[in-house]
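The values are calculated or read from the model by the stated rules, or taken from the named source; none is laboratory data. These figures come from a predicted structure and were not determined experimentally. Note: ideal-geometry Cβ built from the backbone for every residue, glycine included; neighbour counts use all protein chains shown.
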Amino acid sequence: MPTRTPPAGSRPTTGATDPGGPLLGALLRLCHAEVQHALDEGFAARDLPRLQGTVTQPLFDHAAGLRLTELAQLAGISKQAMAEAVDAMEAAGYVERIADPDDGRARRIRLTRRGRDAGFYARQLVREVEARWEARVGKAKVTALRETLRAIADARPARAERD
């Protein structure tokens with residue numbers, strides 16, 4: 001079996017802890033896990049099906065709906081993975097498929113009233129997590145984090161440039 005050469009500039013793994021601590025991706029995952037836990041608990045407490053953020057987040061900002069391919073692109077996942085997520089959301093009554101007014105052969109996915117209500121509830125739960133973060137580290141740090149992450153997200157290259 002051939003061995004893989006690490007990228008230039010990378011350090012070999014020796015089992016030692018990286019003195020720089022966790023990388024940003026790991027820290028973002030930990031924060032996301034806290035948010036997801038709050039969403040799961042909140043929705044379970046109301047006996048509501050779980051939301052698929054990859055579907056609801058972009059649709060929350062596009063009331064007329066989006067095509068499946070657009071949703072997949074925005075989420076950075078395959079069309080097949082998005083189709084599965086949309087199917088689950090449709091079964092939960094959170095989204096519906098409608099005719100695309102621009103192309104009769106195409107379909108758009110949009111939030112139902114139930115989906116929009118669930119989205120508002122999810123946003124309330126996330127705001128509660130953010131308020132706990134502000135209590136732990138201060139509002140200024142959370143505000144700076146939001147601004148930094150927004151700047152990073154806004155500076156991403158177009159999908160075609162990344163692929």
#### Entry: Flag for Val137 being of a type in the set (A, V, I, L, M) and farther than 19 Å from Leu39 by Cα
yes
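State yes or no: is Arg127 closer than 22 Å to Val55 by Cα, basic (Lys, Arg) and surrounded by 13 or more Cβ atoms within 10 Å (Cβ to Cβ)?
In short, no.
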#### Entry: Checking Ala153 against (1) closer than 22 Å to Gln36 by Cβ; (2) small (Gly, Ala, Ser); (3) under 18 Å from the mean Cα position of the chain (by Cα); (4) surrounded by 12 or more Cβ atoms within 10 Å (Cβ to Cβ), the condition it does not meet
(4)
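Name the residues in region 106-121 that are of a type in the set (D, E, K, R) and assigned to a helix (DSSP H, G or I), would you?
Arg113, Arg114, Arg116, Asp117
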### Message
Condition first: of a type in the set (S, T, N, Q) and within 27 Å of Leu28 (Cα to Cα). Can you find one or more residues in region 105-118 that meet it?
### Response
no
### Task
Taking Gln73 as the residue in question, decide whether it is polar (S, T, N, Q), modelled with pLDDT of 90 or more and crowded, with 16+ Cβ neighbours inside 10 Å.
yes
